[in-house]
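These notes are about the structure you will find just below.
The values are calculated or read from the model by the stated rules, or taken from the named source; none is laboratory data. A quick note: this is a predicted structure, and the numbers were derived from the prediction, not measured. Here the Cβ is made from the backbone with ideal geometry for all residues, glycine too, and neighbour counts use every protein chain on show. These area figures cover heavy atoms from the full protein model, side chains too; ligands, DNA and RNA do not enter into them. Shrake-Rupley method; radii C 1.70, N 1.55, O 1.52, S 1.80 Å.
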Amino acid sequence: MAQTLTLNTGQKIPQLGFGVWKASEGECYKAVRTALDTGYRHIDTARIYGNEVDVGKAIRDSGIDRSEIFVTTKLWNSDQAKAQKAFDDSMARLGLDYLDLYLIHFPVTKTRAQAWKDLEAIHKTGRTRAIGVSNYMPRHLDELLSSAAVKPAVNQIELHPYLSQNELKTYCESHGMLVEAYSPLAHGQKVADVSLKPMAAKYGKTVAQLILRWSVQKGNIVLVKSVSPQRIAENFAIFDFNVEPADMGVLDGLNENLRTCWDPSQTP
Ligand SMILES: NC(=O)c1ccc[n+]([C@@H]2O[C@H](COP(=O)([O-])OP(=O)(O)OC[C@H]3O[C@@H](n4cnc5c(N)ncnc54)[C@H](OP(=O)(O)O)[C@@H]3O)[C@@H](O)[C@H]2O)c1
């Protein structure tokens with residue numbers, strides 16, 4: 001049974017999710033099948049990743065009951081003025097009866113307010129069980145919360161020891177939103193951090209496992225991607241050890257505001 005957290009909707013969400021950004025067609029199908037066989041029960045895709053068809057097919061072919069798998073997809077920026085159609089199109093590609101979580105991918109200044117209203121309307125139909133946002137900074141969330149009927153269940157942001165996002169995380173949690181940590185390995189850039197090798201060796205783990213475990217212990221939902229069966233298994237094997245408080249402190253001290261993906265901090 002995967003370790004879960006509880007969203008503000010009451011839904012359980014597996015704390016470790018499997019991301020599929022940059023997994024190409026075919027490659028994505030195989031990776032999701034392998035991930036589900038390994039034990040992952042949470043898949044994170046997006047319209048812009050171009051692999052929703054593969055994700056849906058892999059879920060159906062897995063033979064695992066739909067209710068056991070948590071599925072997220074996202075509304076792309078250029079679709080924000082036509083969210084209902086974009087949602088219908090994503091659902092048709094996924095071939096699923098319902099979605100667990102639908103996110104606004106990025107806070108596009110001109111269109112995000114109407115997009116949230118449209119997500120609220122989709123949520124009301126029950127076709128997605130939760131709605132949320134991604135790459136929102138506090139000012140984007142302030143704006144949203146000032147008129148929202150439904151609070152976002154999550155804010156999905158880049159987060160790893162090298163970009164710890166402490167203020168944003170505190171903001172989200174104080175407003176009842178869980179933080180989803182994307183690019184938890186700094187998009188793969190930090191899996192060979194030599195400074196962490198002795199600490200990882202102490203636990204009999206790899207640097208990647210150590211970094212992922214840090215994020216789990218911080219209470220994040222952690223979304224990691226791999227297309228390699230060996231690394232898919234490696235990234236899943238992080239629930240049989242605990243990083244000690246002193247080592248958590250060392251990892252907390254690694255922040256260097258390293259962004260490997262978007263920087264929404266300048267978006268008005
Ligand atoms: N909302 C957003 O704007 C947003 C932005 C970025 C990402 N995301 C989500 O977050 C997910 C994860 O982020 P990410 O894909 O950017 O990066 P990531 O999970 O931090 O790192 C993935 C990279 O690291 C490699 N890797 C994975 N496990 C490894 C291991 N154990 N040892 C060595 N290398 C390893 C992968 O290569 P191999 O595949 O070859 O193993 C890949 O190149 C995405 O797939 C997506 O679902 C969302």
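Table for the structure above
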| item | result |
| --- | --- |
| Spin-label pair Lys151/Asn242, simplified geometry with 7 Å Cα→Cβ offset, distance in nm | 2.9 |
| With every protein chain in place, the chain: carbon and sulfur % of accessible area (1.4 Å) | 52 |
| Whole-number accessible area per residue in Å² for the chain, which is evaluated in the context of all protein chains at 1.4 Å | 42 |
| Estimated dipole of the stretch 40-167 in Debye, rounded to 20 [Cβ of Lys and Arg +1, of Asp and Glu -1, Cα centre] | 320 |
| Where only alpha carbons of the stretch 50-177 are counted, the Rg and the Dmax (Å) | 15.0, 43 |
| Gain on full stretching of the segment that runs from Arg127 to Gln266 - 0.36 nm per residue minus C-alpha separation | 46.7 nm |
| Net lengthening on full extension, Asn8/Ala92 (0.36 nm per residue, minus Cα-Cα) | 27.5 nm |
| Rounded FRET efficiency, nearest 0.05, which uses the C-beta distance separating Gln84 from Arg60 and R0 of 22 Å | 0.35 |
